[in-house]
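*Asks:* The structure that follows is given in the form of structure tokens.
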Amino acid sequence: MRLINKAITATALTTIFLAATATAQAAGTVENEISDLRKKLEELEAKLEKQSEKSSGSPVKVKWEPAPSISSPDGKFEMNLRGRIYVDTAWINDQQDNENTQATEFRTARLGIEGKAWKDVKYKFEADFAGNEVDVKDAYIQWKGPLAVKVGQFKTPNSLEEQTSSRYITFMERASFTDAFSLARQIGLGLGTSGKDYTVNVGIFRGANATDDEDEGLTFAGRVTYGPKMGDTQLHLGASFRHQNKGDDQGSIRYRQRPHAHLAQNRYIDTGSFADKDTFFGFEAAGVMGPISLQGEWAFVKANIKTPATGENDPTFNGGYIEASYMLTGESRAYKGSKGSFQRIKVNNPVFEGGMGAWQVAARFDRIDLTDETFFGGEQDTFLVGLNWYLNRHTRFMMNYSHANIKNATDVSKNDVNGKNKVDTIGFRAQVDW
């Protein structure tokens, strides 16, 4: 009986052991399966998270410089908001008491966009709202291939001062000859190529956006520049030409100029309208050595008399300037050889960072001579001094004083009986661009 009980006990223990072993094996299998499922779930969650991040990401990139610049992630498309505001005030007096101007104006109130489409196509459009009028400025499309092709309204390729944006010129107004000889924007086709230190640009034009004549005439223009860096000195050399032929139903060409202030009410030198075509040649040079900058240009215009009187010969007028500037705070004027023009000055210690900004002093001699042959439009020699304070790269205040000597001007209603006069101007500008 005792043997039977022992056998039963052994059998029960064996059964219990086998059952426990089977249970343990089953538990291990379940645990392994749970572990595998957990790993698969973690991998799935990681994939879903990556997909979520990719799908929820912005389809555009936005940065501020200082206005918003919007671009696609692949860099094929870009759009930048552009604008500038110049607020001017001036005091202008002449020796003959024909003018006692004390006035203000928005010299520029411009808004526009520029960008690129499909990476190698650039576009730009700007309109100026100064004077309560809308004036289209640059408006063009440009393909930047081996040869840059530009179509639309833009400046004819002439003059260092004209090709340098008004945001970066040293004085409030450009040199007298650029206005007197009507260097301006026209609608046309431009071709150009450039390298690190050179540019070659040519164009054919036919009137501006505001011209609505049936025959708008034809203009050819071109410019070449070379701007090598020699040690610490940046040089610039250039030359340009322009030949314009007015259309049959357009008015004759007129050459005239204000003293060095846009708010001046009078143009004291003036040839009157007489030419139907003219040819312009301009020469330019500049050098930047640290904070010191020297710059000068000289230009000639050969005018063709539309209906010459007996004994009248075609006149040649000329004008130019030479200037020097110095950055008191150590900055240097920025120049870009691939554009053949001066660019934005980098301010070392902007005011918003607790610095004093950049300070620049400048002096210029400017001359425009509209007297030749039987034409006595007058000569205007102007001495200018200027002080510029750059709060940061996009904001500056300007002060200009100029003294103009006028002679040989036949317009005695604005000058004395000998065609002489003197004009003094003081101008201030507050400027911001984006």
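*Asks:* Just grab the label-to-label distance for L328 and N304, each label 7 Å out from Cα along the Cβ direction, in nm (one decimal).
*Replies:* 5.1
*Asks:* Further, regarding this structure: Say the cut-off is 27 Å between C-alpha atoms; which of K137/K229; K63/K119; K155/K246; K63/K116 go over it?
*Replies:* Working: K137/K229 32 Å; K63/K119 18 Å; K155/K246 17 Å; K63/K116 16 Å.
K137/K229, as the Cα separations exceed 27 Å there.
*Asks:* State the dimensionless ratio Rg/Rh of the stretch 170-329 (Rg: radius of gyration of Cα atoms; Rh: Kirkwood radius).
*Replies:* 1.01
*Asks:* Additional query: I need the calculated FRET efficiency for the pair L191 and I292, taking r as the beta carbon distance and R₀ as 45 Å, to the nearest 0.05. Before the final figure, lay out the partial values.
*Replies:* Numbers: r = 35 Å, r/R0 = 0.79.
Efficiency, rounded to the nearest 0.05: 0.80.
*Asks:* Going highest first, how would you order 140-148, 236-244, 81-89 by mean Cβ packing within 10 Å?
*Replies:* With the highest mean Cβ count within 10 Å placed first, the list reads 236-244, 81-89, 140-148.
*Asks:* Taking the C-alpha atoms of the stretch 357-408, how large are the radius of gyration and the largest Cα-Cα span, Dmax, in Å?
*Replies:* 16.1, 51
*Asks:* Further question on the same structure: Cross-link candidates for K336: which aspartates and glutamates have Cα within less than 17 Å, leaving aside residues fewer than 8 places away along the same chain?
*Replies:* Those aspartates and glutamates meeting the cut-off are E161, E162, D197, D232, E284.
*Asks:* I would also like to ask the following. Dipole magnitude of the stretch 319-372 about its Cα centre, charges +1 at Lys/Arg Cβ and -1 at Asp/Glu Cβ only, in debye to the nearest 20?
*Replies:* 300
*Asks:* Here is a follow-up. Divide by every residue of the chain the summed helix terms, -39500 (n - 2.57) for each DSSP H run of at least 4, and state the resulting mean residue ellipticity at 222 nm, rounded to the nearest 500 deg cm²/dmol.
*Replies:* Result for the chain: -5000 deg cm²/dmol, rounded to the nearest 500.
*Asks:* Moving on. Add +1 for every Lys or Arg and -1 for every Asp or Glu among the other residues with Cβ under 12 Å from the Cβ of H262, and state the total.
*Replies:* Values: positive: R107, R174, R258, R267, R429; negative: D88, E105, E173, D179.
So the environment of H262 carries a net charge of +1.
*Asks:* Can you give the Kirkwood hydrodynamic radius of the stretch 265-354 from its Cα pairs, in Å with one decimal?
*Replies:* 17.1 Å is the Kirkwood radius here.
*Asks:* Determine, from the Cβ-Cβ distance of M399 and D248 and an R0 of 51 Å, the FRET efficiency 1/(1 + (r/R0)^6), rounded to the nearest 0.05. Intermediate values should be presented prior to the final figure.
*Replies:* Values: r = 46 Å, r/R0 = 0.91.
Plugging the Cβ-Cβ distance into 1/(1 + (r/R0)^6) gives 0.65.
*Asks:* With a 1.4 Å probe and all protein chains left in place, how much accessible area per residue does the chain have, in Å²?
*Replies:* About 53 Å² of surface per residue is accessible.
*Asks:* Please report the spacing between the Cα centers of the stretch 237-264 and the stretch 167-212 in Å, no decimals.
*Replies:* Spelled out, the Cα-based centre of one part sits 12 Å from the other.
*Asks:* Kindly rank 304-317, 336-349 from highest to lowest mean number of other beta carbons found within 10 Å of each residue.
*Replies:* Working: 304-317: 13.5, 336-349: 18.4.
Most protected by this proxy first, the peptides run 336-349, 304-317.
*Asks:* Report ³J(HN,Hα) in whole Hz for each residue of the stretch 327-341, in order, from the Karplus equation J = 6.51 cos²θ - 1.76 cosθ + 1.60 where θ = phi - 60°; Gly and Pro get x.
*Replies:* 8, 5, 9, x, 5, 10, 5, 8, 10, 10, x, 6, 10, x, 7
*Asks:* Run down the aspartates and glutamates and flag those whose C-alpha is under 12 Å from the C-alpha of K346, throwing out any fewer than 8 positions away in its chain.
*Replies:* List returned: E331.
*Asks:* Okay, moving on. Can you give the convex hull volume per residue for the Cα atoms of the stretch 300-434, as a whole number of Å³? List each step's numbers first, then the result.
*Replies:* On the way: hull volume 21.8 nm³, N = 135.
Per-residue hull volume (Cα only) is 161 Å³.
*Asks:* Quick check: the distance between the Cα centres of the stretch 325-361 and the stretch 58-72, to the nearest angstrom?
*Replies:* If you average the Cα positions of each part, the centres end up 26 Å apart.
*Asks:* Can you pull the semi-axes for the stretch 107-231, root of five times each eigenvalue of the Cα gyration tensor, sorted largest first, whole Å?
*Replies:* Taking √(5λ) for each Cα gyration eigenvalue gives 23, 20, 17 Å.
*Asks:* Additional query: With +1 on each Lys and Arg Cβ and -1 on each Asp and Glu Cβ, how big is the dipole of the stretch 344-434 about its Cα centre, in debye rounded to the nearest 20?
*Replies:* Here the size comes out at about 500 debye.
*Asks:* Work out from phi, with θ = phi - 60° and the Karplus expression 6.51 cos²θ - 1.76 cosθ + 1.60, the ³J(HN,Hα) of each residue of the stretch 412-426, listed in order in whole Hz, and give x for Gly and Pro.
*Replies:* 6, 6, 10, 9, 7, 5, 9, x, 10, 6, 9, 10, 10, 9, 10
*Asks:* Amide H of A184: which non-local residues (sequence gap of 5 or more, or other chain) have their own amide H closer than 5 Å, using H built in the peptide plane?
*Replies:* T156
*Asks:* Further question on the same structure: Could you name the aspartates and glutamates in cross-link range of K422, using Cα to Cα under 12 Å and dropping any fewer than eight places away on the same chain?
*Replies:* Output for K422: D94, D97, E99, E379, D381.
*Asks:* Return the Rg/Rh ratio of the stretch 116-176 with Cα-based radii and a Kirkwood Rh.
*Replies:* Numbers: Rg = 14.1 Å, Rh = 13.6 Å.
With Rh from the inverse mean 1/r over Cα pairs, Rg/Rh is 1.03.
*Asks:* What does the highest-first list of 350-356, 258-264 look like by mean Cβ count within 10 Å?
*Replies:* In descending order of packing, they fall as 258-264, 350-356.
*Asks:* Tell me, what % of the accessible area of the stretch 339-428 is carbon and sulfur with a 1.4 angstrom probe?
*Replies:* Working: 2400 of 4040 Å².
Reported share for carbon and sulfur atoms: 59 percent.
*Asks:* Can you give the angle from 0 to 90° between the axis of helix 2-56 and the longest principal axis of the chain, with both taken from C-alpha atoms, to the nearest 10?
*Replies:* Rounded to the nearest ten degrees, it is 10.
*Asks:* Let me ask something additional. What does the charge count around F154 come to, taking other residues whose C-beta lies under 10 Å from its C-beta (Lys +1, Arg +1, Asp -1, Glu -1)?
*Replies:* Neighbour charge sum, excluding F154 itself: +4.
*Asks:* Quick one: what does P(r) look like for the stretch 242-316 with 5 Å bins over all Cα pairs, in whole %?
*Replies:* Bin by bin from 0 Å, the calculated values are 3, 12, 17, 16, 18, 15, 9, 6, 3, 2, 1, 0.
*Asks:* Once the convex hull of the C-alpha atoms of the chain is built, how many Å³ does it hold per residue, rounded to a whole number?
*Replies:* Roughly 232 Å³ of hull volume per residue.
The values are calculated or read from the model by the stated rules, or taken from the named source; none is laboratory data. All of these numbers come straight from a predicted model, not from anything done at the bench. All Cβ positions, even for glycine, are placed from backbone atoms using ideal geometry, and neighbour counts span all protein chains on display. For the accessible areas, the whole protein counts, side chains as well, though only heavy atoms, and no ligand, DNA or RNA atoms are used. Shrake-Rupley method; radii C 1.70, N 1.55, O 1.52, S 1.80 Å.
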